[in-house]
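One structure is given below, encoded as structure tokens.
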Amino acid sequence: MDYIKLRKNNLCVENISALSLAKKYKTPFYCYSLSQLKSNFYNFSSAFKGTKPLVCFSVKSNSNLSLLKELKKMGSGADVVSAGELLKALRAGINPNKIVFSGVGKTTEEIELAIKKRVLLINMESENEAILINKVSGKRSKITSVGIRLNPDVTGKTNKKISTGGKEDKFGLSQNDFIILCKKISKMKNLKLEGLSVHIGSQITSTKPFKKVLTIINKVISKTKINFKFIDLGGGMGISYSNKEKKLNLSQYGKFVKKFIEDKKAKIIFEPGRFIAANTSILVSKIIYIKKSNNKNYIILDAGMNDLMRPALYNAHHKIIPLKKSNKSIIGNIEFVGPICESSDKFLSQKNFSKVREGDYVAITNVGAYGMSLTSNYNTRPIVAEILVNGSSHKLIKKRQSLENLINN
Ligand SMILES: *Cc1c(COP(=O)(O)O)cnc(C)c1O
């Protein structure tokens with residue numbers, strides 16, 4: 001079920017017309033559907049119900065506190081990559097024994113915080129990190145549960161900038177280094193090696209790379225002869241941003257994982273971000289100008305790359321739809337751009353679009369993951385508001401940053 005869609009030519013988020021919100025709140029703003037978030041979380045869980053995984057939502061994909069609280073209610077844990085994300089997950093009420101701490105560059109302070117808060121697992125990415133965690137744990141007379149991130153040298157055949165599992169990528173340890181570190185950790189008194197983790201990239205729409213990774217994990221486990229308590233398979237599950245894209249067969253992945261876990265006692269952990277959050281939100285924006293030049297119709301929006309970075313950063317494709325669809329169309333080279341002083345401040349090019357005028361509104365779709373979390377104040381523009389729709393009601397879940405607050409330093 002899709003909760004954000006056109007109904008009689010009006011874009012609706014659940015039972016609310018997006019246009020009514022656009023008239024109420026200053027654009028641009030992010031608008032989320034709670035039912036979509038729930039549906040995604042339960043769909044994810046049900047694809048893997050045979051393995052009863054711990055689902056740790058990847059907070060870097062979306063760190064809005066209200067959304068984290070909703071996810072907590074659904075039983076989600078959190079995958080965090082910084083002190084800030086850890087504190088936010090805790091503030092949302094997520095139990096520390098459902099929190100895993102990942103990342104290639106954790107600082108001493110971050111490690112101290114993770115130990116103090118007793119997170120479930122710190123996923124380490126190097127020997128020196130292990131040495132540091134052992135030392136910090138020793139000072140506090142604690143034994144810390146850790147995992148090691150394996151770099152399986154499998155990539156998701158996705159955008160190079162969001163691939164993390166290739167041997168040239170900075171993440172994790174090669175199979176050999178992994179096995180060596182396992183041995184060394186057995187001599188570090190304040191570490192308890194409980195986990196093996198992988199995360200090969202993002203927006204992966206084929207089950208093949210995931211399957212390959214499972215085979216490699218089996219190989220590595222047989223070499224280390226360790227019964228890992230947790231096997232953390234990371235996130236990376238893709239969604240369809242355009243109708244052309246292939247849809248990930250999650251239930252097939254579920255079957256692979258079920259078979260993989262049959263002969264093991266380990267608990268499976270997943271860290272999905274995009275799959276849970278991406279299609280829960282639109283970015284509502286107003287058309288400031290329509291400018292004709294160079295055989296192009298530039299549709300200049302009040303949203304810019306600072307509000308949604310993905311197209312500029314990854315060449316990501318986000319469909320744009322009018323809040324009110326017209327029966328007429330504009331034909332020609334249409335380019336949706338923002339107001340920022342950068343030529344990469346461009347969202348989408350296409351050959352036709354519903355007839356729109358200056359002052360009309362559009363929605364950039366599927367922006368719930370890596371949308372708000374990648375915003376910036378570039379061009380001294382305030383961070384925009386976030387609104388959450390639930391059925392026929394809605395609420396502001398993050399206020400638009402005030403200009404006053406922005407110009408203070
Ligand atoms: C970014 C990240 C995730 C989430 O990735 P998605 O593609 O959004 O599912 C999970 N685990 C780790 C370690 C990450 O860095």
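The residue that is surrounded by the fewest Cβ atoms within 10 Å (Cβ to Cβ), among those in the stretch 4-45 that are closer than 19 Å to Ser240 by Cα, of a type in the set (Phe, Trp, Tyr) and in contact (Cβ under 8 Å) with a residue 60 or more places away in the chain, is Phe44. Taking the stretch 73-114 as the range and being acidic (Asp, Glu), away from the ligand (no atom under 15 Å from the Cβ) and either crowded, with 23+ Cβ neighbours inside 10 Å or not assigned by TED's automatic domain parsing to the domain that holds Phe171 (or both) as the test, no residue passes. Against the conditions (1) in a strand (DSSP E or B); (2) closer than 21 Å to Gly236 by Cβ, Val154 satisfies every one except (1).
With respect to the conditions (1) more than 13 Å from the ligand (Cβ to nearest atom); (2) among the basic types (Lys, Arg); (3) buried (at least 17 other Cβ atoms within 10 Å of the Cβ), Lys208 falls short on a single one, namely (3). Only a single criterion out of (1) part of a strand (DSSP E or B); (2) free of Cβ contacts under 8 Å to residues at least 40 places away in the same chain is not satisfied by Ile321, namely (2). Filtering the stretch 242-266 to residues that are away from the ligand (no atom under 16 Å from the Cβ) and either of a type in the set (Val, Ile, Thr) or part of a strand (DSSP E or B) (or both) leaves only Ile261. Filtering the stretch 59-109 to residues that are touching a residue at least 60 places away in the same chain (Cβ under 8 Å), hydroxyl-bearing (Ser, Thr, Tyr) and part of a helix (DSSP H, G or I) leaves Ser61, Ser66.
All of (1) under 21 Å from Val13 (Cβ atoms); (2) surrounded by 19 or more Cβ atoms within 10 Å (Cβ to Cβ) hold for Ser326 with one exception: (2). If you filter the stretch 267-287 down to residues that are within 21 Å of Phe336 (Cβ to Cβ) and part of a helix (DSSP H, G or I), you find that the one that is nearest to the ligand (Cβ to nearest atom) is Ala278. Scanning the stretch 185-199 for residues that are more than 16 Å from the ligand (Cβ to nearest atom), buried (at least 18 other Cβ atoms within 10 Å of the Cβ) and not in a strand (DSSP E or B) yields Ile185, Met188, Asn190. Among the conditions (1) of a type in the set (A, V, I, L, M, F, W, C); (2) out of contact with any strand residue (DSSP E or B) (no Cβ under 6 Å at 6 or more places or on another chain); (3) within 17 Å of Arg274 (Cβ to Cβ), Ile162 misses just one, which is (2).
A quick yes/no check of all residues on (1) among the polar types (S, T, N, Q); (2) modelled with pLDDT under 95; (3) under 25 Å from Asn190 (Cβ atoms):
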position	(1), (2), (3)
Thr107	yes, no, yes
Arg118	no, no, yes
Leu121	no, no, yes
Glu127	no, no, yes
Ile133	no, no, yes
Thr155	yes, yes, no
Thr158	yes, yes, no
Glu168	no, yes, no
Phe171	no, yes, yes
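Answer yes if at least one residue in the stretch 232-241 is surrounded by fewer than 17 Cβ atoms within 10 Å (Cβ to Cβ) and either in contact with a strand residue (DSSP E or B) (Cβ under 7 Å, 6 or more places away or on another chain) or not in a helix (DSSP H, G or I) (or both), and no otherwise. Checking the stretch 232-241: at least one residue is surrounded by fewer than 17 Cβ atoms within 10 Å (Cβ to Cβ) and either in contact with a strand residue (DSSP E or B) (Cβ under 7 Å, 6 or more places away or on another chain) or not in a helix (DSSP H, G or I) (or both). Output the residue which, of all residues in the stretch 46-64 that are in contact with a strand residue (DSSP E or B) (Cβ under 8 Å, 6 or more places away or on another chain) and hydroxyl-bearing (Ser, Thr, Tyr), is surrounded by the fewest Cβ atoms within 10 Å (Cβ to Cβ). The residue in question is Thr51.
The values are calculated or read from the model by the stated rules, or taken from the named source; none is laboratory data. Since the model is a prediction, treat every value here as computed from it, not as a measurement. In this analysis, Cβ positions are derived from the backbone assuming ideal geometry, glycine residues included, and neighbour counts consider all displayed protein chains.
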